[in-house]
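Engineer: After the structure tokens below, expect a handful of questions from me.
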Amino acid sequence: RKSSKKTVAAVTAVAAPKKVKVARYKLPDPKFLERSAFSNDYLLRELDFNETSALTTIGNYCFYSCSMLQTMQLPDRVSTIGEFAYTFSGLTQVDIFAGITSIGNAAFGGCYSLSQINVDENNPSYATVDNVLFNKDITTVYCVPSTRTGTYTLPDTVVVTAPYSFYYDILLSGVVLP
């Protein structure tokens with residue numbers, strides 16, 4: 001007869017309770033936030049991380065449609081932000097520090113209040129030009145904020161537009177390609 005008991009050595013992932021919507025959530029010390037962990041939590045305004053958090057990954061759709069979540073304050077160890085992670089959230093500014101080396105498609109797409117994208121100059125993978133997210137060499141565009149209006153002209157160095165790089169950019173009247 002096999003035992004049905006399992007031992008959990010450490011908390012490695014967090015998935016928020018689906019029926020509970022909260023404005024502030026104090027996280028334990030996970031290594032990653034699972035796919036859709038907080039998606040559609042329309043009350044979530046902020047997350048509290050431990051100062052020494054081991055968090056490395058924000059899963060796909062993690063904060064999808066968290067319309068009240070306006071800031072993204074991640075622990076220093078985060079290296080990966082998944083696809084659609086913050087899509088349709090209330091982010092107004094995104095700060096991508098040096099350790100973030102992987103950002104999924106449409107991670108910040110459809111954020112109707114997002115007007116500022118900052119990338120640490122020591123980041124080996126990403127850069128910004130005029131609040132638009134590119135790869136370090138400015139050859140691939142990843143995110144044009146949804147608050148951009150008028151006509152946007154891509155830099156002459158751009159050869160690739162990543163999937164969803166203009167996701168829900170309904171205020172743009174045109175895009176000029178190099």
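Engineer: Condition first: more than 16 Å from Ala98 (Cβ to Cβ) and buried (at least 17 other Cβ atoms within 10 Å of the Cβ). Now tell me which residues in segment 123-133 satisfy that.
Structural biologist: Initial filter on segment 123-133 (more than 16 Å from Ala98 (Cβ to Cβ)): 129-132.
Result: Asn131, Val132.
Engineer: Output the residues belonging to segment 83-103 that are among the small types (Gly, Ala, Ser) and surrounded by fewer than 22 Cβ atoms within 10 Å (Cβ to Cβ).
Structural biologist: Kept after step one, since they are among the small types (Gly, Ala, Ser), are these residues of segment 83-103: 85, 89-90, 98-99, 102.
Residues satisfying the conditions are Gly90, Ala98, Gly99, Ser102.
Engineer: Ok, one more. If you take the residues of segment 23-40 that are surrounded by 15 or more Cβ atoms within 10 Å (Cβ to Cβ) and in contact with an Asp or Glu (Cβ under 8 Å, 6 or more places away or on another chain), which of them is nearest to Ser102 (Cα to Cα)? Lay out the reasoning, then the answer.
Structural biologist: Step one: of segment 23-40, the residues surrounded by 15 or more Cβ atoms within 10 Å (Cβ to Cβ) are 25, 27, 29-40.
Subset that is in contact with an Asp or Glu (Cβ under 8 Å, 6 or more places away or on another chain): 25, 27.
Numbers: Tyr25: 25, Leu27: 22 Å.
By that ranking, first place goes to Leu27.
Engineer: Same structure, new question: Having 3 or more residues that are under 21 Å from Leu27 (Cβ atoms) and without any contact (Cβ under 8 Å) to a residue 60 or more places away in the chain is the bar; report the strands (runs of 3 or more DSSP E) wholly within segment 63-178 that clear it. Lay out the reasoning, then the answer.
Structural biologist: Values: elements: 93-96, 116-119, 126-129, 132-135, 140-143, 150-153, 172-176.
Output list reads 93-96.
Engineer: Can you tell me which residues in segment 42-62 are outside any strand (DSSP E or B), under 24 Å from Ser115 (Cβ atoms) and modelled with pLDDT under 95?
Structural biologist: First pass over segment 42-62, keeping only residues outside any strand (DSSP E or B): 42-45, 49-56, 59-62.
Applying the additional criterion that residues be under 24 Å from Ser115 (Cβ atoms) yields 42-45, 61-62.
Tyr42, Leu43, Leu44, Arg45, Cys62, listed by residue number.
Engineer: May I ask you to list the residues in segment 1-41 that are modelled with pLDDT of 50 or more and of a type in the set (D, E, K, R)? Can you show your working first?
Structural biologist: Within segment 1-41, the subset modelled with pLDDT of 50 or more is 14-18, 20-41.
Matches in segment 1-41: Lys18, Lys21, Arg24, Lys26, Asp29, Lys31, Glu34, Arg35, Asp41.
Engineer: Do you know which residues across segment 41-72 are surrounded by fewer than 18 Cβ atoms within 10 Å (Cβ to Cβ) and not small (Gly, Ala, Ser)?
Structural biologist: Listed by number, the residues that qualify are Tyr42, Leu43, Arg45, Glu46, Asp48, Asn50, Glu51, Thr52, Thr56, Met68, Gln70, Thr71.
The values are calculated or read from the model by the stated rules, or taken from the named source; none is laboratory data. Keep in mind that what you see is a predicted model, and the values were worked out from it rather than measured. No Cβ is skipped: glycine too gets one built from the backbone with ideal geometry, and neighbour counts run over all protein chains shown.
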